[in-house]
1. Nearest 500 deg cm²/dmol is fine: what mean residue ellipticity at 222 nm does chain B get from its DSSP H runs of n ≥ 4 alone, each adding -39,500 (n - 2.57), divided by its residue count?
2. Only helical DSSP H runs with n ≥ 4 go in: add -39500 (n - 2.57) per run for chain A, normalise by residue count and round the 222 nm mean residue ellipticity to 500 deg cm²/dmol.
3. Sorted from fewest to most neighbouring beta carbons within 10 Å, what does the list B:Thr142, B:Thr376 look like?
4. Compute the semi-axes of the equivalent ellipsoid of the stretch A:5-141, taking the square root of 5 times each eigenvalue of the Cα gyration tensor, and list them largest first in whole Å.
5. Over all residues in B:310-316, what is the mean tally of Cβ atoms on other chains that come within 10 Å of each residue's Cβ?
6. Charges on Cβ only, +1 for Lys and Arg, -1 for Asp and Glu, centred on the Cα centroid of the protein assembly as shown; of B:Ala164, B:Thr228, B:Val16, which one is farthest towards the dipole's positive end?
7. Rounded, prolate or oblate for chain B? Axes are the square roots of the Cα gyration tensor eigenvalues, ordered a ≥ b ≥ c, and the cut-off for rounded is a/c under 1.5.
8. Show me B:270-276, A:32-38 ranked by packing, highest mean number of other Cβ atoms within 10 Å first.
Amino acid sequence: MAYSDKVIDHYNNPRNVGSFDKSDADVGTGIVGAPECGDVMKLQLRINPDSRVIEDARFKTFGCGSAIASSSYVTELVKGKHIDEAMTIKNTVIVSELNLPPVKIHCSVLAEDAIKAAIGDWKKHHEDGEPAAAEQRKAQEG
Amino acid sequence: MPKLPIYMDNHATTPVDQRVLEAMLPYFSEKFGNAASRNHSFGWEAEEAVDRARGQIAQLIKAKSKEIIFTSGATESDNLAIKGVVEFYKEKGDHIVTCVTEHKAVLDSCRALERAGKATVTYLPVDKYGMVDPDAVRKAITDRTVLVTIMYANNEVGTIHPVAEIGRIARERGAVFHCDAVQAAGKIPVDVDRDHIDLLSISAHKIYGPKGVGALYVRSKGPRVRITPQMDGGGHERGMRSGTLNVTGIVGLGKACEVAASEMAEENRRLLDLRDKLQAGIFERLDEVSLNGHPTERLPGNLNVSFAYVEGESLLMGLHDIAVSSGSACTSATLEPSYVIRALGVSDELAHSSIRFGLGRFNTEAEVDFVTDRVTHEVKRLREMSPLYEMARDGIDLKSVQWKAE
């Protein structure tokens, strides 16, 4: 099975590989997949707490070329987007951008899940989890 | 630098040796006769060529010429042997003993017989090196056992089974012993008498012959083994396999066996040196790599390695100018990795990380050096991209993590 040019490009020149500090309150971390299934994606988003815009993204992926390409593409896709908009990203966008064949659709599903997991993690700190930082900021503003 | 791409997947198939090709060429349009035509020189010429090939094959496995039956390949040989024995000896019993790491042609033939209610099958496990315990074979054989079918050497991890001992046990218990020797015949010394083999499958394209031709050895004496034919027709091959003989292919198979037999000792030393160099190079330059297969009782050209924290298919993609294969089956709907590697007790994660290098007659030392460099480079690059490698370096036990799979 031949890979599409875009998958090969992302595989050879992956965008935004790396890690942010997981304990940074502005960073949301999503880890999806399982090693025994042959796919694990870690997606990290740096989200501005005031504008709720994704300012930066990093990924690391254990998986086939299509899984690496899907996560690499997602880091580009989400940057500059409001988290509400990022939450609406569907795997089909990834499938058509990378020309993924049917057997590789699970890679795009995993990448979509990674976005949701990362934003969900960030929300835990900023909404229901640790409101301290946000409240402190409000107090300062007020 | 060696010429690219490099072919290092010789367990899958091999190129036709120039000497084999030259032997075959006259039989396409010049000496095109039907070996079954008994009344003219065209037929005699073809029959002579087929008989010569029978002799060349017999010599390689220490059999007699008349014990060689030509087929379309090892898949047909395996089907004919297994289904043919079960059908012929159905009055005697219906039990088969085989093992979990056999080739699909063997496993699926057994499963087809099970589904049809024609046989019950015992699938023996293998040890961590992929080897069957002869004692387990002894214990599995019952009064109903008609067939023991165990391969000579495994196609993925290269492990060579204790075939002579298994054959002796089957003989003692009166069961027919079939051996799929696709990866072994022509590579390591095979002797049907020493190994107590009753039926043996061979394929031409694994030993520098053409695709689409193979053979089945059928023991004629001590004891005489019988099989029920699986194809009806003109009664060729002593009634065991009907169909006009593929004369060119058979000439190629014969020549391939002759070349393999005459060069085996020297070629094995060369291959072993290359393989050991590749193995040492990889193990010296990378940490967290593990060998799949037996450390010593292994085919000389085989090297199967798991590169922890790197998924096999992505590694293959990085090695795009090198033809090797992976135990990861990320393209299949099941996402399940190689059943052979898993049978060794290797975790699914490491099975997904396995790569099989298959060295052969035309690989060179320069190629081995190039492959060592490229593999090392790519594994390091992919590990930098791997969340698992990062977690392991941070001291996280990957087994303790609650993974959120799809």
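Only the coordinates and a few stated rules stand behind these numbers; no lab work does. Everything numeric here is computed off the predicted structure, so don't read it as measured data. Counting neighbours? That spans all protein chains shown, and the Cβs are built from the backbone with ideal geometry, glycine included.
1. That calculation yields -12000 deg cm²/dmol at 222 nm.
2. -13000 deg cm²/dmol
3. B:Thr142, B:Thr376
4. Semi-axes (√(5λ), whole Å): 29, 14, 12.
5. Working: counts 2, 11, 2, 7, 11, 2, 2.
Across B:310-316, the average partner-chain Cβ count within 10 Å equals 5.
6. Looking along the dipole axis, the top candidate is B:Thr228.
7. oblate
8. Numbers: B:270-276: 17.4, A:32-38: 23.1.
Top to bottom by mean Cβ count within 10 Å: A:32-38, B:270-276.
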